[in-house]
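To start, the structure itself, in structure tokens.
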């Protein structure tokens, strides 16, 4: 029992043993305890008989008195009266240790979630060619550490240098055209101003003549209606005088009136007829004066129109000035365009030197000297030295997981070093949703599969100190998150 007590004391003094180590010790305890207890019981029996316990030796010789030792009967059973109690004690100790280990495992599993479906990743930036060209220099090699702005690849710049010279020539031509257009604006503006002044003077004179002619026309046109009204009145008197004359003539033929009355009626009729003819002639003269006034007015208006035509020509000269201004603006736009083309040519020339966009390590280099590259072609990759862990946890493990929780990270490449970090974020969707062909459970037979959600875990800076250059994307890791 003392051996059993020593084992229990050892287990009680090692509470931080791992679960596999404790199970291994549990399996070994019964065998060791049985051997120790069996040996102690035999020794005690021999001591009680007054004999010292025999020491077994493979070179054991006959006994000291010269007689051969009495051979033991192998068929004789050896009784151990305490064996039953030892077995029960060992079983009790095993159950107790198993309970302790089970409780510790349950407590650990209650506040930790773990997965080995995890790997290290980092930002891998492809280095692409932005223009076509021939490679004349490759300044780096695979796995080389580079700094931001370091030269990686050099393309042949001669074609782009020629294009730059052409852009400079086009810029100078556009600037000269802009200067000419600006000079034409001043000349055209001066000519247009002189023509406009002359045309406006002629228009003022013609306008005065038009006013006089319009007044004469209005006067002539005013006399025609008055004469027509007077003619209408005389016409009415003429009709009445004609009827009176015819009636007096009929009465004279019947002998009802005297010749004198008939002569008076004839005289009245003839006088009215003469008055009617005179007024009709006045109307014709008034109409002739109207026609003459209209003719004069038309001539003056024609002259006015001619003068206005000169003003239009002067205005056209002013519009030509505006056209010249627009041409100057177009020339300035051409200058801006040539400047943009020059900047583009300079930019294209700068693309012949491909530099590192940031600090990192070169990998997957596929470019060689003399190679003809095209825009968008990947020449190499640049791995940024800021790794993190992408752990794919089951959806049933995310109930208590939150950003900021501590994480233990075990990298397969470094099994003897424990890395630490914390949860940065959880993916907005499962990995299956981002797959090239996401599953569609609305069709066919449905089998429920536990989905995995990517969780981003970032390293503690102090934890990876000294391992920065050795931790590379793609390494397999085991991630354990402590959840409250």
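For the stretch 138-153, which positions are buried (at least 17 other Cβ atoms within 10 Å of the Cβ) and either in a strand (DSSP E or B) or without any contact (Cβ under 8 Å) to a residue 60 or more places away in the chain (or both)?
Result: 138, 146, 152, 153.
Quick test for you: out of 431, 444, 421, pick the one residue that is within 20 Å of residue 403 (Cβ to Cβ) and at pLDDT below 90.
Going through 431, 444, 421 in turn, the sole match is 431.
From the list 320, 341, which one is touching a helix residue (DSSP H, G or I) at 6+ places or on another chain (Cβ under 7 Å), in contact (Cβ under 8 Å) with a residue 60 or more places away in the chain and either closer than 30 Å to residue 188 by Cα or in a strand (DSSP E or B) (or both)?
Of the residues listed, the single one that is touching a helix residue (DSSP H, G or I) at 6+ places or on another chain (Cβ under 7 Å), in contact (Cβ under 8 Å) with a residue 60 or more places away in the chain and either closer than 30 Å to residue 188 by Cα or in a strand (DSSP E or B) (or both) is 320.
Tell me, please, whether a residue that is on the phi < 0 side of the Ramachandran plot, surrounded by 12 or more Cβ atoms within 10 Å (Cβ to Cβ) and within 29 Å of the chain's Cα centre (by Cα) can be found in the stretch 462-473.
Yes, that holds for at least one residue.
Got a sec? Which of 177, 193, 221 is modelled with pLDDT of 70 or more, in a helix (DSSP H, G or I), assigned by TED's automatic domain parsing to the domain that holds residue 263 and surrounded by 13 or more Cβ atoms within 10 Å (Cβ to Cβ)?
Matching residue, one of 177, 193, 221: 177.
Do we find a residue being over 33 Å from the mean Cα position of the chain (by Cα) and loosely packed, with under 14 Cβ neighbours inside 10 Å anywhere in the stretch 391-398?
Our first condition is that a residue be over 33 Å from the mean Cα position of the chain (by Cα); within the stretch 391-398, this holds for 396-397.
From what's left, loosely packed, with under 14 Cβ neighbours inside 10 Å: 396.
Yes; the residues of the stretch 391-398 include at least one that is over 33 Å from the mean Cα position of the chain (by Cα) and loosely packed, with under 14 Cβ neighbours inside 10 Å.
Determine, yes or no, whether residue 251 is in a helix (DSSP H, G or I) and at pLDDT 70 or above.
Details: in a helix (DSSP H, G or I): yes; at pLDDT 70 or above: yes.
The answer is yes for residue 251.
Quick one: residue 329 ticks every box in (1) free of Cβ contacts under 8 Å to residues at least 24 places away in the same chain; (2) in contact with a helix residue (DSSP H, G or I) (Cβ under 9 Å, 6 or more places away or on another chain); (3) under 27 Å from residue 459 (Cα atoms) except a single one, so which number is it?
(3)
Regarding residue 135, is this residue surrounded by 16 or more Cβ atoms within 10 Å (Cβ to Cβ), in the same structural domain as residue 361 (by TED's automatic domain parsing) and not in a loop (DSSP other than H, G, I, E, B)?
When the stated conditions are applied, residue 135 passes them.
The values are calculated or read from the model by the stated rules, or taken from the named source; none is laboratory data. On a predicted model such as this, the values are computed, not experimentally measured, just so you know. Cβ coordinates were reconstructed from backbone atoms using ideal geometry, including for glycine residues, and neighbour counts include every protein chain displayed.
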